[in-house]
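Written out below as structure tokens is the structure these notes cover.
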Amino acid sequence: MKKIMSAALAAMMVMSLAACGSSSSAPATTAAPATEAATEAATEAAETEAAETEAAETEAAETEAAAEELKTVTPGKLTMATSPDFAPYEFYSIGEDGTPTLAGFDIALAQYIADYAGLELEVIPMDFDGTIMEVGQKNVDIGMAGYSPSPERAEVMDFSDIYFTGGQSLVCLEANKDKFPSLEAANDPQFKIGAQVGSIQVGLAEENTPDADIIQMAKVTDLVAELISGKMDAAYIETEVANSYAKNYPELCVVLEVPYELAGSVVGVSKGNEALLKVVNEAIAECIESGKMGEFVMEANDLANGEIIEGLIEE
Ligand code: ARG
């Protein structure tokens, strides 16, 4: 009950923040076309028929060039694959009536990018390894799932600039934390240690604890459920995510920090789509500089805190 209440409260807070953001940006967007229209009218009146035809031709060519420039899978749309098992990056927020809604700072940033590019956002949820495949096969325009810019992944997609910096952790049950004083101690065949399929955490597990029984699962929420039920001893999880789940499930403990040099999340962009990559990077820069990105992260954390995570059974 308390959990549901706080989630609802957080949702209301986010809603009021969102309303605030859109109303303040509205005058700026409506002002531009009005000025353009006035200028256009004045110019047209002064011009001869020949010049008008020429202008129309140039304009048509420019529009065509712009459309040509931003090629997406579905024209006019920005199609994004994500893996909503990863609060506060992306997760299902359960509303008061029980309806799950996609939330998280990746989703908010995706919307920001789409708005910036003048495209309609379409989010397609799937398992994490699926998102990489879909971007790789160019079935979607972008993938946003807290991607680390790993060299292997760079073969199948282009990376945006870093939009969020985090770290890596080992998570276990609070009751078992004495079993993991170090990664060396965790490197033991007696331990079942989990990592998400297709994630860099699999690499971290193989590198740091090769002697452990490494178990790969499709969803981070599955790893968390296995940890809570005691079927798994520890799991490699992104620090921000580990902290988020540990807040909702106090029996979890973010026991060790795991070194990883590529500390940062990037957007995966369909390989070779340079115009799209450029727009994505412009939008990210603007989002960070304006402070919006920081707001998105705070909102996502507030919303995830006290949230019942999809895929886990409420006690
Ligand atoms: N940062 C890690 C990687 O890029 C894990 C990302 C997992 N994301 C998710 N939405 N489950 O491999």
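Within 15 Å, Cβ to Cβ, of Gly130, how many net charges do the neighbouring residues add up to if Lys/Arg are +1 and Asp/Glu are -1?
-3
Longer than 28 Å from Cα to Cα, which of Lys231/Lys271; Lys179/Lys247; Lys247/Lys271; Lys77/Lys278; Lys77/Lys292; Lys192/Lys247 are they? Say none if no pair is.
Over 28 Å Cα-Cα: Lys231/Lys271; Lys247/Lys271.
If you wrap a convex hull around the Cα atoms of region 141-227, how much volume per residue is inside, in Å³?
On the way: hull volume 10.2 nm³, N = 87.
Enclosed volume per residue, from the Cα hull, is 118 Å³.
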| note | Applied in sequence order to region 195-211, the curve 6.51 cos²θ - 1.76 cosθ + 1.60 (Karplus, θ = phi - 60°) yields integer Hz couplings, x standing for Gly and Pro, of 7, 6, 3, x, 9, 5, 5, 4, x, 5, 5, 5, 6, 8, 9, x, 7
| What's the long-distance tail for region 62-152, i.e. % of Cα pairs beyond 21 Å? | 36
| Karplus-derived 3J(HN,Hα), 6.51/-1.76/1.60, for each residue of region 284-294, Hz, glycine and proline x | 4, 4, 5, 5, 6, 4, 6, x, 4, 4, x
| request: Put one equal scatterer on each alpha carbon of region 62-214, apply the Debye formula with no solvent term, and list log10 I(q)/I(0) at q = 0.18 1/Å to two decimals. | output: -1.14
| Each residue of region 260-265 in order: what ³J(HN,Hα) in whole Hz does its phi give by Karplus 6.51 cos²θ - 1.76 cosθ + 1.60, θ = phi - 60°, with x for Gly and Pro? | 7, 6, 8, 7, x, 10
| request: Against the globular-protein guess of 2.2 N^0.38 Å, express the Cα radius of gyration of region 135-282 as a ratio, rounded to two decimals. | output: 1.12
| query | If you bin the C-alpha pair distances of region 193-247 every 10 Å from 0, what whole percents do you get? | reply | 27, 59, 14, 0
| task | Report, please, the projected area of region 196-315 averaged over directions, based on the convex hull of its C-alpha atoms, in nm². | result | 9.3
| note | Once Lys and Arg are counted +1 and Asp and Glu -1 for all other residues with Cβ under 10 Å from that of Tyr116, the total becomes -3
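Arranged from highest to lowest average of other beta-carbon atoms within 10 Å per residue, in what order do the peptides 173-186, 230-243 appear? Each step should come with its number before you reach the end.
Values: 173-186: 14.7, 230-243: 22.4.
Most protected by this proxy first, the peptides run 230-243, 173-186.
Computed from the coordinates by the stated procedures, all read-outs in this text should not be read as laboratory data. Being a predicted model, the structure only gives us computed values, none of them experimental. Heads up, the Cβs are rebuilt from the backbone with ideal geometry, glycines too, and the neighbour counts pull from every protein chain shown.
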